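Taking it in order: structure first as structure tokens, then the write-up.
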Amino acid sequence: MKSLPSKALIIKINLVFLVCFLVAYSALLHWQLSSVYHEYSTSPIRCTLCECHHKVEAAGTKINALLEESMVNETKTILKKMVKHKKPSFMKEIMGRGMKIGMVNLEGEDVSEWIVHVQIITVQFQKVSELLEWNDLFPGQVDEELEEMDDRQTCPEIPMPAFYSYSYMDMIVVKLPCLYPQEGWRRDVFRLQVHLVAANLAVKRRRGKNGKMKLIFLSKCRPMMEIFRCNELKRREGDWWYYEPNMVKLAQKVSLPIGSCKLALSLKGKEINEVSMKLTRREAYATILHSSGTYVCGAITLAQSLLLTGTKRDLILLLDKSISEPKRDTLIKAGWKLRFIKRIRNPRAEKDTYNEYNYSKFRLWQLTDYEKIIFIDADIIVLRNIDLLFQFPQLSATGNAGSIFNSGVMVIEPSNCTFNMFMQRTKDIISYNGGDQGFLNEIFVWWHRLPRRVNYFKNFENSNEVNAKNQLFEADPPQLYAIHYLGLKPWVCYRDYDCNWDVGYLRVYASDVAHKTWWKLHDAMDEKLQKFCGLTRQRKTELYWSRKQAEEMGLKDEHWKINITDPRRFT
């Protein structure tokens, strides 16, 4: 009598059949994954446990082979898409074994040859939204009084990496966006973001408190001079740019607001002329006479106004030989140190116009015996000490309109490198206003906003601001730091009233109050200086006809009726 199979054997047999069933069922469900499974799913399953096992094993091997082949092909495709730029030759001189190199915005770049003997640190950051525009960073209208009363964030945020999650670095390699020759390519927010990521990394992740940092940029466009200064460029090779920035100056740059959306200098709770300013650096105020002697009187008055504020800085006047010798002597007596220059013609200006030689202002960058210059136009008077502005970097200025700064008062850092770059670009950069201001705004698109009270415009865009502005113009002691006399200048008018009133399109610049403030300063000057503020015969004739036309137009303010008592009328 044969013995019956044990329960254990029966269970094993059942498990075998169950396994075969599950394998077959899985093959049917996943027939789309491969042609091998498809083959099995279309034929009856008739196999022993051993046969099924070998067939499934063979299928798995084929699937793995297919997956590996797919991954290899995908890797090859990625590598083909990656761009490989040959390392610049100067890298052999500045790279060393064991260096830590930060990589910024180099996705899509083949950096395999950089890995040898160095440690690569890929810096991750979120790309700024495409909805954020340059005008959001540099808005046309900013309520400075409200801003100084309220410390809330007034600028949009640009995403930055978590800087302190990265180790210290010896070098940073950056790929910069370059949209040239698209219109407005310099005002690309993503381009600014990458620059600021690199600058902040350099400041925050360098080795040691006094450590240096090497920055290598890959770009068809020159890196922004506003952040990485012209004379910090050590080598260039094709699209590769090698910089060794001044870390103190760079740290100051990244500490300032990201745009004119916030003041770089707040006057809240402090007075500029109360701040102790030690003369420890070579610094100077400067202006320029580049076209004629018309602005000599303005330059004399500007010098006297600066000296009255108590400044100890040098006063530098750039001029050419077209200014007569007697006028030069008087300018020296007024306080200026003269520097003679060769005028620079604006290639886009018409002959015999005021703009014809206004590119001569670029000569300011050749004053390299000074570390910093505050340029002030000769149609400005300074009412209070502004020495504090020397603490701010190039390019700091007040706003003009939109994302544009006004070049009437600006902080610059002389550099022959910068000057040479200007001269190379005079023909291809188009100035929006045909002058130096438009040109400089195309070079220094990222600038730092100073309070408008340090360059307060004498203009009235709407009637609501007339009273408020006139109160500022006549305040005693002064609340403004400087008044910028737009339109016809006070010294070409009779002292009795602002002659801008008599010319229709210039009436927006008319203010008898501001006019009186200028003449008050004039009258405090030595009489030997005052005599260079006279009126020519031609100018007297022009004033006569302006008054006559104002009368014929029947201008309701009736300034043309005012009796002229200015003694210059009769001399």
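The values are calculated or read from the model by the stated rules, or taken from the named source; none is laboratory data. Everything numeric in this text was worked out from a predicted model, so none of it was measured. Here the Cβ is made from the backbone with ideal geometry for all residues, glycine too, and neighbour counts use every protein chain on show. Please note that ligands, DNA and RNA were not included when accessible areas were found on the heavy atoms of the full protein model with its side chains. Shrake-Rupley method; radii C 1.70, N 1.55, O 1.52, S 1.80 Å.
Points worth noting:
- With all protein chains modelled, accessible area of Trp114 [1.4 Å, Å²]: 10
- The gain in end-to-end length when the Lys312 to Gln119 segment is fully stretched comes to 64.3 nm, 0.36 nm per residue minus the alpha carbon separation.
- Scanning residues 5 or more positions from Leu383 or on other chains, those with amide H under 5 Å from its amide H are Ala482, Ile483, with H placed 1.01 Å from N in the peptide plane.
- Theoretical gain in end-to-end length, Lys249 to Ile94 [0.36 nm per residue, Cα-Cα removed]: 53.6 nm
- Sites Phe163 and Met421, calculated FRET efficiency, Cβ-Cβ separation with R0 35 Å, nearest 0.05: 0.70
- Label zone at Thr541, where the point sits 7 Å out along the Cα-to-Cβ direction: region 487-501 residues whose backbone N lies under 15 Å: none
- Cα point-scatterer Debye curve for region 525-571, base-10 log of I(q)/I(0) at q = 0.32 Å⁻¹: -1.16
- Set of region 481-521 residues, backbone N closer than 11 Å to the point 7 Å along the Cα-Cβ line of Ile564: 493-497
- Computed on the Cα atoms alone, the convex hull of region 327-392 gives a volume of 139 cubic angstrom per residue.
- Å³ per residue enclosed by the Cα convex hull of region 450-528: 106
- With θ taken as phi - 60° and the Karplus curve 6.51 cos²θ - 1.76 cosθ + 1.60 applied, the whole-hertz 3J(HN,Hα) list for region 474-489 is 9, 4, 9, x, x, 9, 7, 9, 7, 10, 9, 8, 7, x, 5, 7 Hz, x standing for glycine and proline.
- Note on Lys528 and Arg222: their simple-model spin labels are 4.5 nm apart, each label 7 Å out from Cα toward Cβ.
- Most to least packed among 203-213, 382-392 [average Cβ atoms within 10 Å]: 382-392, 203-213
- Over 20 Å (Cα to Cα) - which of Lys220/Lys249; Lys321/Lys427; Lys469/Lys520; Lys209/Lys234; Lys92/Lys253; Lys249/Lys372 fall in this group: Lys220/Lys249; Lys321/Lys427; Lys209/Lys234; Lys92/Lys253
- Projected-area average for region 156-211 over all orientations - Cα convex hull basis, square nanometres: 4.8
- Hz values of 3J(HN,Hα) by residue in region 256-266 - Karplus curve (6.51, -1.76, 1.60), Gly and Pro given as x: 8, x, 6, x, 6, 5, 9, 5, 6, 10, 9
- Taking packing as the residue-averaged number of other Cβ atoms within 10 angstrom, the listed peptides 500-510, 402-412, 167-177 run from highest to lowest as 402-412, 167-177, 500-510.
- Residue-wise HN-Hα couplings along region 548-555, as the Karplus relation 6.51 cos²θ - 1.76 cosθ + 1.60 with θ = phi - 60° gives them from phi, are 5, 5, 4, 5, 5, 6, x, 4 Hz; Gly and Pro carry x.
- Remark on Ile288: its backbone amide H falls under 5 Å from those of Leu318, Ala378, a criterion applied only to residues 5 or more positions apart or on other chains, H modelled at 1.01 Å from N.
- Taken over region 427-571, the convex hull of the Cα atoms encloses 173 Å³ per residue.
- Relative packing of peptides 227-235, 466-474 - highest average C-beta neighbours within 10 Å first: 227-235, 466-474
- The calculated FRET efficiency for the pair Glu465 and Leu131, based on their C-beta separation and a Förster distance of 45 Å, comes to about 0.85.
- Angstrom value of the Kirkwood radius, inverse mean 1/r, which spans all Cα pairs in region 215-374: 19.0
- With eigenvalues of the C-alpha gyration tensor scaled by 5 and rooted, region 106-183, Å: 36, 19, 10
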